[in-house]
């Protein structure tokens, strides 16, 4: 069974019986269950079924919205194999924001390691920084936790000298 569908069935056992019995009537399901039922139907047969993201937009919020995107990511990464390259998760933890090169230098400067934005740029172009989490329009972004860890490693290296 597809991982994305398993995720949905684990959270909504009623959906599994609806889909397996090919019930067309979704009136016995709540609004959130209806969205995930339609999503699971699409995941099971994407060549012949469709799923409208408007359903996600109009019916889900907070944790259910995040869960929907996790299911979509799992479908494209693990079930359809359309995401072939190694990539980081599309869903980032709220408590670990992304920072650009200026943010990278600001964080290091706050921890006592002097790095200008230009130095970050130079180190990045020479592959002396951690791999960015994502590159958007040619600009690298790192998780704040990665930058803090890099700063700690730099401090240790300075102390060893």
Subset of the stretch 1-18 (residues that are surrounded by fewer than 17 Cβ atoms within 10 Å (Cβ to Cβ), closer than 15 Å to residue 35 by Cα and touching a residue at least 24 places away in the same chain (Cβ under 8 Å)): 11
Residue count for the stretch 9-48, restricted to those that are at pLDDT 90 or above, in a loop (DSSP other than H, G, I, E, B) and in contact with a helix residue (DSSP H, G or I) (Cβ under 6 Å, 6 or more places away or on another chain): 1
Filter result for residue 72 (modelled with pLDDT of 90 or more, assigned by TED's automatic domain parsing to the domain that holds residue 46 and either within 30 Å of residue 52 (Cβ to Cβ) or part of a helix (DSSP H, G or I) (or both)): yes
Test: residue 157 is at pLDDT below 90 and in a helix (DSSP H, G or I): yes
Members of the stretch 140-161 found to be within 12 Å of residue 101 (Cα to Cα) and more than 18 Å from the chain's Cα centre (by Cα), listed by number: 147
Residue within the stretch 49-57 that is at pLDDT 90 or above and touching a strand residue (DSSP E or B) at 6+ places or on another chain (Cβ under 7 Å) present: no
Residue count for the stretch 82-115, restricted to those that are under 30 Å from residue 47 (Cα atoms), at pLDDT below 75 and exposed (fewer than 10 other Cβ atoms within 10 Å of the Cβ): 3
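The values are calculated or read from the model by the stated rules, or taken from the named source; none is laboratory data. Computed from a predicted structure; not experimentally measured. Positions of Cβ are generated from backbone atoms using ideal geometry, with glycine treated the same way; all protein chains shown enter the neighbour counts.
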